Amino acid sequence: MNSGQLFNLVTIGYFSAMVLFIGYLATRSSVIATLATVLAYLGFAIQTVAIGLRWYETYQVPGGAGYAPLSNLYESVVFFSWTILLIYLLIDLKYKQRSVGAFVLPFAFLAMTWAQLRLDSTISPLVPALQSNWLTYHVITCFLGYAAFAVACGVSIMYLIKIGKENKSSDAPAGGLVGIMPSAKILDDLNYKAIMIGFPLLSLGIITGAAWANYAWGTYWSWDPKETWSLIVWFIYAAFLHARITRGWAGRKAAILSIVGFAATIFCYLGVNLLLAGLHSYGA
Amino acid sequence: MRAKQRGFLNSAWDFFCSLKLTIFSLIALAVTSIIGTVIQQNLSRQEYLRVFSEKTYRTLDQLQFFDMYHSWWFIGLLVLFCINLICCSIKRFPRVWRMVHNPMLVPSEQVLKTFSNVDEQLVAGEIKGLTQRMQGFLGNQFSAPQVTEQDGSVYLYAEKSKYARFGVYITHLSILIIFLGAIIGNVYGFKGFVNIPEGGETNKIWLRNSQASLPLDFTLRCEDFSVSFYGNSQRPKEYRSVLTVIDQGQTMIDHRPTIVNDPLSYKGLTFYQSSYGAAGDEVVSIKVKLRGEDKVDAFSLQRGQMVDLPNGDRLRLADFTPTFRNFGPAARIDVLPHSGEARAVTVFKNFPDFDNERGGAYIFTMINFDQRYYTGLQVTKDPGVWVVWLGCALMVIGCLVAFFMSHRRLWVVLSGQDGKVGVRLVGSAHRNQPAFELYFDELKNKFREELSDS
Ligand code: HEM
């Protein structure tokens with residue numbers, strides 16, 4: 001059994017959980033919701049083991065000195081989906097809003113599918129620039145932040161659907177898909193809670209990145225596209241935080257800012273590497 | 001006129017204090033920052049003209065899009081952002097300070113009505129005794145209260161995490177501190193680089209932005225440079241310079257290995273391993289043996305160098321390459337006999353028997369070759385960097401306090417009502433209301449229990 005096979009299993013697990021969560025929206029069966037949640041936990045547990053196994057494998061390749069498996073695009077995408085589950089399960093433990101799963105699991109599933117089907121999973125030892133503990137701190141904090149934003153984005157989409165439907169059929173209580181969702185107030189609160197977790201983590205991610213750059217190159221900030229995009233993301237979520245406490249900006253506009261913020265996050269993570277030039281090496 | 005002026009000043013002040021301006025400037029900064037990630041910054045004119053027409057180039061240049069993070073309008077936005085931050089804090093901070101240092105010990109009826117977490121019990125007994133009970137109750141359940149008596153009523157006030165109110169201000173201050181650190185670095189620091197050949201030394205460096213050199217008041221020597229690879233692959237494993245610092249004739253740092261991610265610091269300057277290159281030709285060591293004889297001669301040659309062999313023939317290193325196709329290091333040697341025609345011979349380091357098998361009069365083998373490198377070091381001095389780190393630490397702490405701590409306040413008000421005592425419990429939290437409501441509901445039950453067995 002190698003880590004690649006386990007990751008395939010994880011992908012299947014997340015796929016099934018996602019389908020069941022969507023089934024839950026349609027059927028409102030609490031059995032299905034429980035099953036979906038159990039599968040999500042199971043997938044997360046297997047993924048945790050698989051990441052550990054890959055870590056072990058980095059020591060086994062010829063000439064490999066071993067490294068935390070966070071150093072190339074494949075490893076980072078896998079880690080991203082792991083962090084999405086981590087943040088989602090934490091929020092599930094606390095708030096038990098099962099319908100949220102249908103809007104968050106797709107992100108984790110898509111990430112795993114992409115990693116398993118399209119990305120190069122070769123283990124190659126680290127080039128000098130990446131041989132630093134800062135890499136580990138930087139990647140972990142950034143991706144935990146990104147994952148919280150993914151959850152917030154899913155919740156914001158739910159929020160927009162919810163208030164869209166409620167405005168249309170103003171007095172009759174919304175049924176079906178929308179009826180099972182938490183109230184707009186709870187969704188708004190969840191959105192904020194997720195960003196409340198994500199924002200300090202993103203700040204830490206930017207700071208550890210700056211500290212690393214300073215340690216490796218002697219400049220903590222050089223306006224390279226990746227750095228700049230992470231700052232753009234940070235600006236957007238700072239705007240979100242202030243929008244919530246400003247009259248006229250709360251609710252809908254805040255939800256839209258959260259979605260725009262996640263789009264910018266994804267661009268920062270992937271778009272910059274695939275489309276723009278810069279120092280960060282995941283793209284290659 | 002006066003009033004009008006004041007009216008204008010007031011609205012300007014309100015403008016600079018408004019949160020709408022904050023959202024505007026944050027979004028404006030986010031949107032404009034994109035420009036510099038799409039247009040590569042600080043290239044030369046020729047490089048831009050390869051992408052843009054002359055006219056577009058001129059327009060973009062006028063808008064300072066080619067160095068936009070230092071353009072007047074981007075800096076202007078940052079300044080606006082800071083002014084907004086400062087004004088907003090000046091406006092709000094005193095109120096928060098007062099709230100923390102002069103708590104509302106005796107809230108008016110009106111204020112009490114604004115809080116949604118309330119419970120009221122009517123119990124038999126004396127105010128004095130009940131006050132003591134409630135004092136104990138709050139002390140046990142929450143925190144020790146302050147007791148105030150006014151107009152026959154008794155007010156108990158208890159609070160927790162009052163400093164949580166400063167979290168937001170710490171966060172905002174941290175941003176200004178980071179800016180300050182960046183300014184200090186820009187004014188008093190510099191960035192430069194220096195190349196030192198192996199065995200060489202320097203006491204000056206080159207500045208990045210000005211082509212000028214800067215003398216050092218010490219000497220930096222590069223003892224050795226090496227690059228290593230993983231196995232037989234081309235994937236680099238380590239770039240390593242061994243550096244020595246000599247200050248006023250004294251060796252201050254001796255043979256310090258300096259690698260990427262492990263710079264060397266001395267006297268406020270930091271030297272980072274950043275590049276390397278070949279310094280001059282390789283030196284190739286060749287062994288020469290005359291077929292049938294035992295004697296072997298060895299020579300170290302650079303490209304083009306000629307040596308005499310004992311029998312009067314001569315040989316010259318015509319060419320050398322560290323990688324000849326897949327065969328590794330290879331050298332071409334010209335043999336120039338004292339009579340007759342010159343002949344060219346190729347030798348490979350990885351195939352020592354190759355020349356022997358050719359069966360010529362001489363047998364050549366390449367023992368080794370040595371490449372002399374220079375190491376390229378990035379040099380920086382940034383006295384502002386610790387200010388920046390201080391700001392970063394404050395930002396994280398401030399965010400955590402702002403998000404995860406909440407100033408919680410409880411009042412118990414006892415007042416006589418028709419021979420009985422009305423006991424009111426009122427609570428408020430400055431954030432995370434849902435969690436506080438849960439807490440308050442539990443407290444309410446204990447509060448009722450406490451009063452029921454009196
Ligand atoms: C022009 C700049 C800014 C101004 C004028 C401003 C103003 C404010 C104000 C008035 C509040 C509400 C304080 C309260 O609840 O009493 C606030 C909250 C906050 N600000 Fe800012 N702010 C600015 C920039 C930033 C930035 C760049 C950050 C990023 C770290 C930030 C982080 C926060 C946080 C974390 C909160 C708490 C939000 C919440 O309670 O949900 N602020 N800001």
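The values are calculated or read from the model by the stated rules, or taken from the named source; none is laboratory data. This structure is a prediction, so every number in the text was calculated from the model and none was measured. Every residue, glycine as well, gets a Cβ built from its backbone with ideal geometry; the counts of neighbours run over all protein chains shown. Just the protein is used for accessible areas: all its heavy atoms, side chains included, with ligands, DNA and RNA removed. Shrake-Rupley method; radii C 1.70, N 1.55, O 1.52, S 1.80 Å.
The criterion of at least 1 residues that are open to solvent by 70 Å² or more (accessible area, probe 1.4 Å) and closer than 23 Å to A:Asn133 by Cβ is met by the following helices (runs of 4 or more DSSP H) wholly inside the range A:1-103: A:30-60.
Within the range B:242-258, the set of residues being open to solvent by 40 Å² or more (accessible area, probe 1.4 Å) and more than 16 Å from B:Gly199 (Cα to Cα) comprises B:Gln248, B:Gly249, B:Gln250, B:Met252.
Which count do you get for residues in the range B:3-39 that are more than 16 Å from the ligand (Cβ to nearest atom) and among the aromatic types (Phe, Trp, Tyr)? Step through it out loud before you land on a result.
Going through the range B:3-39, the residues more than 16 Å from the ligand (Cβ to nearest atom) turn out to be B:3-11, B:34-39.
Now drop any that are not among the aromatic types (Phe, Trp, Tyr), which leaves B:8.
Final tally of qualifying residues: 1.
Exactly one residue among B:Asn102, B:Asn10, B:Asn84 is farther than 25 Å from A:Ser222 by Cα and surrounded by 17 or more Cβ atoms within 10 Å (Cβ to Cβ), and that residue is B:Asn84. Within the range A:208-231, the set of residues being at the interface with chain B (Cβ under 7 Å from one of its Cβ atoms), without any contact (Cβ under 8 Å) to a residue 40 or more places away in the chain and in a helix (DSSP H, G or I) comprises A:Asn214, A:Trp217, A:Thr228, A:Leu231.
Give the residues of the range B:101-129 that are part of a loop (DSSP other than H, G, I, E, B), under 48 Å from the mean Cα position of the chain (by Cα) and farther than 17 Å from B:Glu149 by Cα, sorted by residue number. Give the steps one after another, and end with the answer.
As a first pass, look at the range B:101-129 and keep what is part of a loop (DSSP other than H, G, I, E, B): B:102-108, B:115-116, B:124-126.
With the extra rule that they be under 48 Å from the mean Cα position of the chain (by Cα), the set shrinks to B:102-105, B:107, B:115-116.
Across the range B:101-129, the qualifying residues are B:Phe115, B:Ser116.
Restrict the check to the range B:163-181 and report whether at least one residue is on the phi < 0 side of the Ramachandran plot, away from chain A (no Cβ under 14 Å) and assigned to a strand (DSSP E or B). No. Being within 16 Å of the ligand (Cβ to nearest atom) and either in the same structural domain as B:Pro310 (by TED's automatic domain parsing) or among the small types (Gly, Ala, Ser) (or both), is that true of even one residue in the range B:382-393? So far as the range B:382-393 goes, yes, one or more of its residues are within 16 Å of the ligand (Cβ to nearest atom) and either in the same structural domain as B:Pro310 (by TED's automatic domain parsing) or among the small types (Gly, Ala, Ser) (or both).
Quick test for you: out of B:Phe74, B:Phe66, pick the one residue that is more than 10 Å from the ligand (Cβ to nearest atom), surrounded by 13 or more Cβ atoms within 10 Å (Cβ to Cβ), outside the structural domain of B:His430 (by TED's automatic domain parsing) and farther than 17 Å from B:Val31 by Cβ.
Details: B:Phe74 fails: farther than 17 Å from B:Val31 by Cβ.
Criteria check complete, one pass: B:Phe66.
If the condition is being surrounded by fewer than 22 Cβ atoms within 10 Å (Cβ to Cβ) and of a type in the set (Gly, Ala, Ser), then the range A:245-278 contributes A:Gly248, A:Ala250, A:Gly251, A:Ala263, A:Gly271, A:Ala277, A:Gly278. Is the range B:310-324 home to any residue that is surrounded by fewer than 15 Cβ atoms within 10 Å (Cβ to Cβ) and of a type in the set (Phe, Trp, Tyr)? No: the range B:310-324 contains no residue that is surrounded by fewer than 15 Cβ atoms within 10 Å (Cβ to Cβ) and of a type in the set (Phe, Trp, Tyr).
Listed conditions (1) within 14 Å of chain B (Cβ to nearest Cβ); (2) in a helix (DSSP H, G or I); (3) of a type outside the set (Phe, Trp, Tyr) are all met by A:Pro125, apart from (2). Entry remark, the range B:341-367: residues being open to solvent by less than 60 Å² (accessible area, probe 1.4 Å) and in a strand (DSSP E or B) number 9 in total.
Scanning the range B:191-242 for residues that are at positive phi and more than 10 Å from every other protein chain (Cβ to nearest Cβ) yields B:Gly199, B:Gln211. Residues in the range A:233-254 that are assigned to a helix (DSSP H, G or I) and more than 7 Å from the ligand (Cβ to nearest atom): A:Val233, A:Trp234, A:Phe235, A:Ile236, A:Tyr237, A:Ala239, A:Phe240, A:Ala243, A:Arg252, A:Lys253, A:Ala254.
Residues checked against (1) in contact with a strand residue (DSSP E or B) (Cβ under 8 Å, 6 or more places away or on another chain); (2) surrounded by fewer than 19 Cβ atoms within 10 Å (Cβ to Cβ); (3) at positive phi:
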site	(1), (2), (3)
B:Leu377	yes, no, no
B:Val388	no, no, no
B:Val401	no, no, no
B:His407	yes, no, no
B:Gln417	yes, yes, no
B:Val421	yes, no, no
B:Arg431	no, yes, no
B:Pro434	no, yes, no
B:Lys444	yes, yes, no
